[in-house]
Structures are given as structure tokens and as C-alpha cells.
1. Regarding the stretch 33-40, can at least one residue be identified that is closer than 20 Å to ARG104 by Cα, in contact with an Asp or Glu (Cβ under 6 Å, 6 or more places away or on another chain) and in contact (Cβ under 8 Å) with a residue 24 or more places away in the chain?
2. In the stretch 115-131, how many residues are more than 13 Å from the chain's Cα centre (by Cα) and either within 17 Å of VAL12 (Cβ to Cβ) or outside any helix (DSSP H, G or I) (or both)?
3. May I ask you to say which residue of PRO29, PRO79 is loosely packed, with under 15 Cβ neighbours inside 10 Å, at pLDDT below 95 and part of a helix (DSSP H, G or I)?
4. Just one of PHE111, PHE57, PHE135, PHE116 is more than 26 Å from ASP174 (Cβ to Cβ) and of a type in the set (Phe, Trp, Tyr); which is it?
5. Which pairs do you get when a residue that is among the basic types (Lys, Arg), found in the stretch 122-136, comes within reach of a residue that is modelled with pLDDT of 90 or more, reach meaning Cβ atoms under 8 angstrom, with the pair 6+ apart or on two chains?
6. Give the number of residues within the stretch 82-95 that are more than 20 Å from SER15 (Cβ to Cβ) and not in a loop (DSSP other than H, G, I, E, B).
7. Considering the stretch 28-71 alone, what residues qualify as being hydroxyl-bearing (Ser, Thr, Tyr) and either over 23 Å from THR126 (Cβ atoms) or more than 16 Å from the chain's Cα centre (by Cα) (or both)?
Amino acid sequence: MAYKLNNVAVMVIDSNHNHMQLIKEVLRPLGVTRIAECTNAKDALTYLENNVVDIIFTEWHMDGEMDGMGLVDWIRKNPASKNVFVPIIMVTAQSEEWKVMKARDVGITEFLVKPFSAKTMARRITVVVENPRQFVRTDDFFGPDRRRHRVSNYTGEERRKDMMEKGDQQMSDDAVEKLLNEF
């Protein structure tokens, strides 16, 4: 990645101070210096009322009344949101397949599994910079197109029907990336 990210405004939302510090320590060598920190969704929404950011990193579970999923839903669907198109990277240890799919369906752009490496985080940033996806609006969804690859002549079995029935088996970061790239 040969980008100058010094003008990129990033928001990190995580209740765990150590996890937030780790994300910031990975972002700084990539050139990111404009980092807003929030420890809960309420503080993040307050910040976003008056500020526009370029990338959001959010944890799924956090302190307060709203979790990361609720935050993403608000950012994507609330008419007051000034950041509806911002790339959102869910950073969490919650890597069960059905949770990855649920996060995708609420409108995240990328999914980063904890623990992660600096290389993996840089890869996610590269994806959102080099491959911005069109946004889709339907009756119950607004967010980046969930299909990463378009296959116009697909004739195979529809696998999405039973995804939620597969249980709580944790997936590796590579497995998450492979799963998201199938669509």
C-alpha cells in the first residue's frame, strides 16, 4: 500500500482501551494521524453529528445501550447521519459465520477478526480505498453492495438460505475474507 493516509480521518470505537490503543498503533505507521476515539456508540454518534470521517473501525460489543451493530444501522439508515457512505470496518472476535453475515447485512464494508496483524488491517484499508463498492437501497437494507463479485450466469444452489443454521463455529480471518468474497 503506497497511499498517503495523513489526511484520512479515522474513527475508532471500542470500549476496551487496550484494543483501541492497538488499532491506533497499527494505523499510525500507515500514516494515519487524524484519529477520533470513542468508547461507546453514544459518544460516536455525538461526534458524527458534527464531523465527517473517512473510515470507521468499530467493535461489535461495547459498553452502553447501543452495540456496534446498532451503530452501523444508525449510520446507514438514519436521515440525520452525515456519514451514510463511510466505509465501516467491524473489528471483533465475533467471527462465527452467521455473525459475519449479520454484520454484512446491517451494512459493514469489511470485517476484521481479532486478533489481527498490521498486514491484515492494511489489507482491509486497501480494499476500501481501491475497491469502493456501490451502495444499494432496498426496503430493508442500505449499505455497500453485499456482492463483491458479479456472476451474471450463476446457476448453482442458493447457499444463503441455511447460513444462520450453521451454529457458532469461529472463523479465521482468511475464512471470513473468503466467505465475503464468495458474494
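1. First, pick out the residues of the stretch 33-40 that are closer than 20 Å to ARG104 by Cα: none.
Checked against the condition, which is being closer than 20 Å to ARG104 by Cα, in contact with an Asp or Glu (Cβ under 6 Å, 6 or more places away or on another chain) and in contact (Cβ under 8 Å) with a residue 24 or more places away in the chain, the stretch 33-40 yields no hits at all.
2. 7
3. Working: PRO79 fails: part of a helix (DSSP H, G or I).
Exactly one residue qualifies, and that residue is PRO29.
4. Values: PHE111 fails: more than 26 Å from ASP174 (Cβ to Cβ); PHE57 fails: more than 26 Å from ASP174 (Cβ to Cβ); PHE116 fails: more than 26 Å from ASP174 (Cβ to Cβ).
PHE135 is the lone residue from the list that is more than 26 Å from ASP174 (Cβ to Cβ) and of a type in the set (Phe, Trp, Tyr).
5. These pairs meet every condition: ARG124/ILE89; ARG124/GLU110; ARG124/LEU112; ARG133/THR109.
6. Narrowing the stretch 82-95 to residues more than 20 Å from SER15 (Cβ to Cβ): 82-87.
Okay, now just the ones that are also not in a loop (DSSP other than H, G, I, E, B), so none.
Looking only at that region, the number is 0.
7. If we filter the stretch 28-71 for residues that are hydroxyl-bearing (Ser, Thr, Tyr), which is where we start, we get 33, 39, 46-47, 58.
Those that are hydroxyl-bearing (Ser, Thr, Tyr) and either over 23 Å from THR126 (Cβ atoms) or more than 16 Å from the chain's Cα centre (by Cα) (or both): THR33, THR39, THR46, TYR47.
Residue by residue, here is whether (1) in a loop (DSSP other than H, G, I, E, B); (2) touching a Leu at 6+ places or on another chain (Cβ under 9 Å); (3) at pLDDT 95 or above; (4) hydrophobic (A, V, I, L, M, F, W, C) holds:
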residue: ASN6; (1), (2), (3), (4): yes, no, no, no
residue: VAL10; (1), (2), (3), (4): no, yes, yes, yes
residue: HIS19; (1), (2), (3), (4): no, no, no, no
residue: LEU22; (1), (2), (3), (4): no, no, no, yes
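The values are calculated or read from the model by the stated rules, or taken from the named source; none is laboratory data. Worth saying up front: this structure is predicted, and the values here are computed from it rather than measured. Because the Cβ atoms are built from the backbone with ideal geometry, glycine has one as well, and the counts that use them run over all protein chains shown.
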